[in-house]
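**Q** Got a structure for you, written out below as structure tokens; questions coming shortly.
Every number here is computed from the coordinates shown, using simple stated rules; none is lab data. Remember, predicted model here, so these are calculated numbers, not experimental data. For neighbour counting, all protein chains shown are included, and Cβ atoms are generated from backbone atoms with ideal geometry for every residue, glycine included.
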Amino acid sequence: MNARFMQATHVLLRMVAGFLFLCHGGQKLFGWFGGMGPQGGTVNLTSMMGVAGMLEFFGGLMILAGFLTRPVAFLLAGEMAVAYFTVHQKSGGLPIQNHGEAAALFCFIFLFLATHGAGPISIDAAIGKARTHRATAKGVLRRREDEPFPGQAA
């Protein structure tokens, strides 16, 4: 598979998942897209749904931007696992029965991002490049060919 295509689809997966997750949080916190319940309201911030809304909105924003992707994605994968087993599992064993498909998919997408990172077009990648450039300028990454590890003689 073409490496550029793989990188592009990785970034697109992160950005689309982050945007969709942010929308779920906006629905809970701000009443976007019809809000919650039949009256289209918002949730109490101190409730479990309020905490979920904050994680979804701000976590989705961070995933979309690719900022602190690995720890945030790990946290959000956990949130989706908790949501699946505390809310959806009661209604049936399979996601198709209990309407937990989105929770299951988000959980595994976030596990992928937690292990693979944000990809090349992200704040994380920009920070990594800046650190590498600073370290190279300071001479930290320079080493002699006969030196097995920086600072140790052969």
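**Q** Return a whole-number percent for the relative contact order of the chain, with Cα pairs under 8 Å and 6 or more residues apart as the contact set.
**A** Once normalised by length, the contact order is 21 percent.
**Q** Please work out how much length the chain gains when fully extended from HIS116 to LYS90, using 0.36 nm per residue of separation minus the C-alpha to C-alpha distance, in nm with one decimal.
**A** Additional length available on full extension: 6.2 nm.
**Q** Under 23 Å Cα-Cα from LYS90, which lysines qualify once same-chain neighbours fewer than 8 residues away are excluded?
**A** LYS28
**Q** Quick one: Cα centre-to-centre distance for region 1-50 and region 89-108, in angstrom?
**A** 17 Å
**Q** Can you list residues from other chains, or at least 5 along the same chain, whose modelled amide H is less than 5 Å from the amide H of LEU68?
**A** ASP124
**Q** Evaluate E = 1/(1 + (r/R0)^6) for MET6 and GLU101, where r is the Cβ-Cβ distance and R0 equals 30 Å; express this FRET efficiency to the nearest 0.05.
**A** 0.75
**Q** Relative to the longest principal axis of the C-alpha atoms of the chain, give the angle of the C-alpha long axis of helix 48-65, reported between 0 and 90° and rounded to the nearest 10°.
**A** In the chain, helix 48-65 runs at an angle near 40 degrees to the longest axis.
**Q** A follow-up question, please. I'd like the FRET efficiency for THR136 and LEU75, computed as 1/(1 + (r/R0)^6) with the beta carbon distance as r and R0 of 30 Å, rounded to 0.05.
**A** E between THR136 and LEU75, to the nearest 0.05, is 0.40.
**Q** Can you give the longest run of the chain that contains no trypsin sites (Lys or Arg not before Pro) sitting in a DSSP loop with at most 16 other Cβ atoms inside 10 Å?
**A** Counting only loop sites that pass the neighbour cut-off, the longest clear stretch is 1-141.
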